[in-house]
Structure formats: C-alpha cells, structure tokens
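The values are calculated or read from the model by the stated rules, or taken from the named source; none is laboratory data. Since the model is a prediction, treat every value here as computed from it, not as a measurement. Methodologically, a virtual Cβ is constructed for each residue, glycine included, from the backbone with ideal geometry; neighbour enumeration extends over all protein chains shown.
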C-alpha cells in the first residue's frame with residue numbers, strides 16, 4: 001500500500017471510530033436528561049442535536065472528498081516519465097548536437113558544409129526547449145502531488161484529534177455531572193476538525209491555483225515556436241546545396 005493510501009485508510013478508520021463515539025456519547029447524554037434540571041437538560045438536548053448534525057455534515061463532506069481523493073503516486077509517476085522517458089534522452093542529444101562532436105568539419109569544407117554546421121545552434125536550442133518543458137511538467141506534477149499528500153495528512157491528524165476529543169467527552173458523559181458538558185466538548189472537537197479541514201483545503205487550493213498558473217505558462221511555452229521555426233524541427237538539410245562544389249573533402 002502506498003503512503004497516501006495508508007493515510008486515506010487512516011482517515012476512514014478515524015471517522016468510523018468517531019462515529020461510534022458520537023453515538024455512544026449522544027446515548028449517554030440522552031440517558032442522563034431525566035435526572036437533570038429542565039434548563040440544563042434543554043441545553044444538553046440541543047448540544048446532542050447540534051453534535052449529530054455537525055458530525056453528519058463533516059462525514060458527508062469528507063466522504064465526498066475521499067471518493068475523489070486524488071492520486072499523488074500517479075502524478076509523480078507521470079512527472080518521472082516526462083523526465084526519464086523524454087527529457088533524459090533529449091538532454092543527451094543536446095551535447096551531441098555540437099560542432100565539436102560532429103565530424104563534418106573534420107571531413108568537409110565549403111559553403112554547404114558551413115551551412116550544415118550553422119544549423120547546429122538552432123537544433124541545440126530546440127532540444128534544450130524540450131528538456132526545459134519536461135522539467136517544468138515534472139515540477140508542477142510533483143508540487144501538486146505533495147500538496148494532495150500534505151492535505152490528507154493534515155485531515156488525518158485532525159480526525160485523530162477528534163477521536164481523542166470524543167473519547168474524553170465520552171468519559172465525562174458517564175457521570176451525571178459531566179453529561180451536560182460532554183456534548184458541548186464533543187461539538188467543539190467537531191468544530192476543530194472543520195477548522196483544520198478548511199485551513200488545509202485553503203492550502204491545497206493555493207497549490208492548485210499555482211499549478212494552474214504553471215500549466216498556463218507551459219501552454220504558452222508550447223505555443224512559442226521560437227525554437228521551432230514555422231512550428232517544425234529546425235532541419236539541417238533545408239536549403240543546403242548538394243552541388244559537389246559546395247562539399248569539398250578536406
């Protein structure tokens with residue numbers, strides 16, 4: 001199981017455990033209502049109703065998010081494919097497409113030979129543009145993967161905090177004196193989870209916005225044909241003479 005998968009399973013398990021605590025706590029508080037003063041009982045009953053409503057809402061919201069939790073591992077794999085399968089091989093070609101490594105100037109001279117060598121800088125620029133694009137795609141996908149992972153780690157931590165808060169409230173609910181406050185304590189724990197989720201979601205939204213901006217920048221880079229004249233690969237043979245006079249052995 002991947003790290004993110006384990007985190008998601010932890011969130012689900014914590015929510016299930018919290019649901020059991022909420023049911024037990026509400027039952028304990030409700031059982032104590034008959035021996036409480038009327039005004040205290042009314043407050044406790046209201047807290048129980050608010051707790052159930054708030055927890056149901058949290059579970060519904062997180063349930064929807066868990067159904068589309070994202071796949072950081074797939075994002076990282078896709079980014080690595082861009083760098084390993086495309087960027088790395090092209091990067092090796094950048095060094096090869098140089099006048100110093102080709103044998104053209106060792107064996108040929110003349111106008112055509114000079115024209116052929118003159119195309120090398122353009123091809124190097126085109127190759128470098130491909131490598132840079134691959135690196136940017138990898139970085140953007142990596143950042144988004146990290147944001148998704150950090151988001152669920154934060155949610156998982158908050159869910160564990162809720163379980164602890166509910167467990168503490170459940171202990172208080174076991175006594176008549178503590179029962180009125182127990183539902184309020186639990187409700188505060190649910191509120192803390194909601195606040196943590198909102199903060200985490202805001203951070204995730206910031207990263208998503210930044211990723212969208214980077215994606216737009218990548219679109220602009222792909223639309224930029226400055227390294228690819230007329231939108232095509234800079235050819236080394238276009239317009240180069242084949243006359244023997246232009247190609248002279250050294």
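Summary of computed values
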read-out	value
Residue 142 vs. criteria in a helix (DSSP H, G or I) and modelled with pLDDT under 80	no
Residue within segment 152-159 that is over 26 Å from the mean Cα position of the chain (by Cα), modelled with pLDDT of 75 or more, within 21 Å of residue 56 (Cα to Cα) and crowded, with 17+ Cβ neighbours inside 10 Å present	no
Condition check for residue 189: within 30 Å of residue 171 (Cβ to Cβ) and exposed (fewer than 14 other Cβ atoms within 10 Å of the Cβ)	no
Answer from 94, 86, 59, 40 - the residue that is free of Cβ contacts under 8 Å to residues at least 40 places away in the same chain and surrounded by 14 or more Cβ atoms within 10 Å (Cβ to Cβ)	94
Given (1) free of Cβ contacts under 8 Å to residues at least 24 places away in the same chain; (2) touching a helix residue (DSSP H, G or I) at 6+ places or on another chain (Cβ under 8 Å), index of the condition residue 19 fails	(1)
Counted residues, segment 223-236 - those being loosely packed, with under 10 Cβ neighbours inside 10 Å, at pLDDT below 70 and at negative phi	0
Residue that is modelled with the lowest pLDDT [pool: residues in segment 60-78 that are in contact with a helix residue (DSSP H, G or I) (Cβ under 6 Å, 6 or more places away or on another chain) and either farther than 16 Å from residue 15 by Cβ or outside any loop (DSSP other than H, G, I, E, B) (or both)]	70
In segment 7-22, the residues that are closer than 13 Å to residue 69 by Cα and surrounded by fewer than 17 Cβ atoms within 10 Å (Cβ to Cβ)	9, 12
